[in-house]
Every structure is written in structure tokens, then in C-alpha cells.
Amino acid sequence: MKKRLSTKITMIIVCLLIIVISMMIFMSYTISKTFYKNNLTEDVSHRIIAHTRVIQEHFELETIQHVLTMEEKDDVHLVLFDVDLSTVVKSNHVQDEWMVTYYDWVNEQLQTYNDYPIIDYFNTGIDFHIPHIWALQPIIVNDEIKGYLFIDQDTGQFEQTKVKLAVVLIIMGILTFTIGFLMTIYLTRKISKPLTEMGRAANQIAKGDFDNTPSITGEDEVGQLASDISLMAKQLKEYRDSRQQFISHISHDLRTPITYIKGYSAIMRDTDDIDRKDLDRNLAVIYQEATRMEHLVRDLFQLTKLEEGRVSLELETIKAVPWLYSILESRQLMFDQNSLTYEIIANDDMELTVDQHRMGQAVINLIENSIRYTVKGGKVTLKLSENDHHTIIEISDTGRGIPRDDLPHIWDRFYRVDKSRSSKSGGSGLGLAIVKQVIELHQGDVKVESVEGKGTTFFIYLLKR
Ligand code: ADP
């Protein structure tokens with residue numbers, strides 16, 4: 001059986017309470033017992049000295065009787081011995097067997113002690129019972145010992161107080177325990193209830209139900225944890241949705257070329273007498289669709305690597321103008337096919353610190369987009385400029401531009417302004433997503449400005465290093 005957190009905490013606190021309360025009761029009892037014993041000892045010591053003084057001053061039977069009357073209490077035994085330790089007077093209720101014990105003790109003390117008053121304790125043999133206090137003081141008249149005054153002080157009074165004290169301490173202990181116990185149960189429930197709810201929510205999230213988030217609010221750690229779980233559920237939901245969308249896009253974009261390739265190859269297989277012209281056209285379509293699939297797979301692979309952070313940059317400082325020319329020239333055929341021109345506006349000595357291969361791929365994607373979305377006779381311009389912190393590469397075209405509403409989305413994977421042109425345009429729909437990843441990996445930034453019907457400009461901001 002699972003042990004609940006509240007049960008565990010309650011058990012620990014109950015044990016602690018029992019230990020602390022028992023220690024408190026024991027210490028209170030011990031302290032009061034010691035205090036009472038010391039007090040009584042002092043009292044007995046004062047009394048015996050006072051009585052002895054009075055008797056010494058008036059060494060007569062009357063004075064002794066007077067002292068005896070003063071000490072005639074149930075818990076006090078007073079005995080006056082003469083020098084030979086014979087009893088002169090004693091309290092009324094002193095029994096004979098006690099007298100024997102007193103005599104032996106006094107005798108023994110006189111052999112060993114000479115510091116008066118002699119104070120000793122007689123253990124009653126009962127646990128936790130304060131021993132009797134025995135005191136002895138000599139009566140000295142004219143420098144001659146006339147006898148010994150002996151007091152046996154019973155501590156019975158404390159026994160009654162002790163019971164009362166114990167009752168008070170036990171009541172206090174039970175009260176403290178009950179309050180502590182109830183508080184613990186209340187507090188542990190208060191803590192464990194939201195934890196249980198969060199556990200249930202986490203379980204639901206693990207099963208794929210991302211809407212069942214914990215309803216706990218608050219500024220404390222528990223509230224923070226609940227909001228973290230809600231955030232995690234939201235992100236997981238977004239991740240699941242985007243993954244589903246991603247897969248549906250890939251399958252759609254792969255299905256189209258595969259359908260073409262299958263269809264055209266089937267025609268060629270099933271036609272016995274195909275003429276050269278048809279054959280060339282069919283093969284051209286198959287080649288074009290296979291190339292599109294190749295690009296899609298290449299871009300997918302590249303983007304996945306970038307998004308997973310598995311790409312490390314090899315930065316080097318290069319002359320910007322020759323590098324940009326070499327990129328443009330690599331796309332000369334595309335420019336020619338679309339009857340487009342290009343131009344670079346930059347100082348010859350400008351430099352860039354980039355990973356040539358990765359940044360080259362980003363710039364190529366932007367240039368290819370410019371070519372793809374610009375009608376014949378248009379122009380693509382690459383401009384380099386600088387501000388305090390950045391080198392800025394502008395890639396602008398005189399193409400059809402991007403509608404304002406689409407601008408924030410063009411960086412999303414598979415987002416296309418013209419949804420129906422997906423395969424005709426030749427792009428994978430991943431180009432700008434790759435551009436953004438590459439530039440962010442360089443700790444740079446990319447922005448776009450576009451006017452429909454006039455053209456588009458992409459700005460790449462690269463930190464000067
Ligand atoms: P694609 O492979 O479709 O070009 P991209 O991610 O490169 O995918 O671009 C996303 C969309 O942004 C494109 O489908 C296109 O509609 C739009 N776009 C990108 N560059 C330009 C541009 N220079 N001129 C006009 N539209 C553009």
C-alpha cells in the first residue's frame with residue numbers, strides 16, 4: 001500500500017511531539033523537584049541553627065519544650081540527644097524503631113563529621129520520591145557540648161504538590177499534543193491536496209490529455225509548480241499539433257511528386273510504342289519531381305539538424321563582395337532562365353565573420369526566393385551596409401511582394417503565401433525557416449519589408465566581431 005505524504009509527515013511530527021512533550025514533562029518535574037529539595041534543605045538548615053541558638057541562650061527545659069511545640073508537625077521529627085546520645089526530648093509521634101535508626105545515624109555522623117549543621121538525605125526507597133532531610137547541630141553552652149539537636153524533615157508535602165504538578169503537566173502535554181496533531185493534519189492535507197491534484201493532472205498529461213491542467217493558483221512554490229505544469233502541457237500540446245501538421249505537410253509534399261513519378265513511369269511501361277518526344281517529356285517530369293523530392297528531403301534534414309542544435313559553426317572572416325558574387329554566379333542559370341539581372345552595392349573592403357557554408361545556404365535561399373517570386377525583367381539587389389554593432393546584408397527584389405497579413409508567418413515551416421502553388425514554385429516551404437535558424441545560430445537577426453506588387457527586402461543583421 002502506498003504511504004501518503006500527509007501520513008508520513010503526520011507520523012514524523014507525532015513522534016517528535018511525543019519526544020519533545022515527554023522531555024518537557026520530565027525536565028519540568030526534575031527542575032521543580034531539585035528546586036523544592038534545595039529550598040527545603042536550606043529551610044531545615046536555618047531552622048536547626050535558629051533552634052540551637054535559642055536553646056543555647058536559655059538552656060532550660062521550658063525553652064526546649066517551646067521549640068518542640070513549634071516543630072510539632074506531622075512531617076517533622078525533632079529529637080534532642082544529650083552528649084551520650086540518650087534521648088532528652090522528642091516529638092510525640094516519633095516511633096521507637098525510628099529512634100534506633102536516628103541514633104545509629106547520629107552516632108555515625110559524630111565519628112566522621114565536624115562541620116555543622118550536618119545535613120544528609122535519607123532515601124525512602126520510592127522512585128522519584130524526594131528523600132527525607134536529616135539535620136544535626138550540637139548545643140554548646142559555655143564552650144561545652146550539652147547535647148545534639150536532630151531534625152528529620154519529611155518531604156511528603158512535595159509528594160502532594162508533585163501529583164498536582166504531574167496532572168498539570170500531563171494536561172498541558174495532552175493539549176499541546178492535540179493542537180500539534182490537529183495542526184499537522186490540517187497543514188499536511190493543505191500541502192498534499194494540491195500535490196495530489198497536480199499528480200492527477202500530470203498523469204492525464206502523460207496520457208495525452210493536455211487540457212486537464214491543475215486549477216491551483218498562488219504565488220508560493222506549489223502555485224509555481226502548478227503553473228509550470230500548465231505551461232508544460234501547453235508546450236506539449238503545441239509540439240504535438242506542430243508535429244502532426246509537420247507530418248501531414250511532409251506526406252502531402254512527398255505524395256505529389258511520387259504520384260507524378262508513378263504516373264509517368266506507368267505510362268512509359270504500359271506504352272509499347274512511345275515516341276521520342278513523349279519519352280523526353282515524361283522523363284523530364286520524372287526528373288523534375290525526383291529533384292523536388294531530393295530538395296525536400298535535403299531541407300528537412302538540414303532544418304531538423306539546425307532545430308536540434310546539432311550544428312556547430314566554423315566561423316571565419318571573409319571579404320564580403322567576392323563571396324556574394326560567387327553565390328550569385330552559382331545561380332546564374334536561374335537568373336538567365338527568368339530573365340533577371342542582379343547587382344551588388346558594397347564597399348570592396350567590407351568583411352563578414354560567418355560560417356561560409358551555412359550562411360551561404362541562407363543567402364542562397366533568399367536569392368532563390370527572389371528569383372522565384374520575381375517576374376521576367378526584374379532585378380535582385382544585394383546591398384551591404386554597417387551600423388555601430390552590425391553588418392547588414394540586404395537582399396531585395398522587384399517581385400510580387402508579400403501581403404502584410406502573411407508577413408509574420410513566412411518563417412513558419414511549410415508556410416506558403418499562395419497555398420496552391422506549393423509544387424509549381426519549386427520551393428520546399430522550408431527555405432525561410434532554415435534562413436532564420438542559420439542566422440540565429442550566428443547570433444544575428446533577420447527582418448523583412450515588403451510592398452505587394454513592388455518587391456521584397458530581407459535584412460540580415462550580423463554582429464561585428
Ligand atoms: P518556399 O519554398 O515556398 O519558397 P520559403 O520558406 O522559402 O518557402 O518561403 C515561404 C513563403 O514566403 C513562400 O512560399 C512565398 O510565398 C513567400 N516568399 C518568400 N520570399 C519571397 C519573396 N522574395 N517575394 C515574395 N514572396 C516571398
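The values are calculated or read from the model by the stated rules, or taken from the named source; none is laboratory data. Since this is a predicted model, take the numbers as computed values, not measurements. We place every Cβ from the backbone using ideal geometry, glycine too, and count neighbours over all the protein chains shown. In case anyone asks, the SASA skips ligands and DNA or RNA and just uses the protein heavy atoms, side chains included. Shrake-Rupley method; radii C 1.70, N 1.55, O 1.52, S 1.80 Å.
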(request) Out of the residues in region 1-42 that are loosely packed, with under 13 Cβ neighbours inside 10 Å and charged (D, E, K, R), state the one that is nearest to residue 117 (Cα to Cα). (result) 42
(message) Given the options 112, 87, 101, name the one that is within 20 Å of residue 62 (Cβ to Cβ) and polar (S, T, N, Q).
(response) 87
(message) Name the residue that is modelled with the lowest pLDDT, counting only residues in region 398-436 that are touching a Gly at 6+ places or on another chain (Cβ under 7 Å) and open to solvent by less than 20 Å² (accessible area, probe 1.4 Å).
(response) 422
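When residues of region 250-274 are filtered for being assigned to a helix (DSSP H, G or I) and open to solvent by 60 Å² or more (accessible area, probe 1.4 Å), how many remain?
The qualifying residues number 9.
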(request) Would you check which residues across region 441-465 are exposed (fewer than 12 other Cβ atoms within 10 Å of the Cβ) and away from the ligand (no atom under 16 Å from the Cβ) and list them? (result) 443
(request) Within region 241-255, identify whether any single residue is touching a Ser or Thr at 6+ places or on another chain (Cβ under 8 Å) and among the basic types (Lys, Arg), and answer yes or no. (result) no
(request) Would you please list the contacts, defined by Cβ atoms under 8 Å and residues six or more apart or on different chains, that run from a residue in region 362-373 that is touching a residue at least 40 places away in the same chain (Cβ under 8 Å) to a residue that is part of a loop (DSSP other than H, G, I, E, B) and of a type in the set (Ser, Thr, Tyr)? (result) 372/425; 373/425
(message) Looking for something more than 8 Å from the ligand (Cβ to nearest atom), touching a residue at least 24 places away in the same chain (Cβ under 8 Å) and hydrophobic (A, V, I, L, M, F, W, C) - is there at least one such residue anywhere in region 402-411?
(response) yes
(request) Please go through region 166-212 and pick out each residue that is open to solvent by 50 Å² or more (accessible area, probe 1.4 Å) and of a type in the set (S, T, N, Q). (result) 176, 178, 196, 203, 204, 212
(request) Inspect region 255-273 for any residue being within 29 Å of residue 429 (Cβ to Cβ), out of contact with any Lys or Arg (no Cβ under 6 Å at 6 or more places or on another chain) and in contact (Cβ under 8 Å) with a residue 40 or more places away in the chain and give the result as yes or no. (result) yes
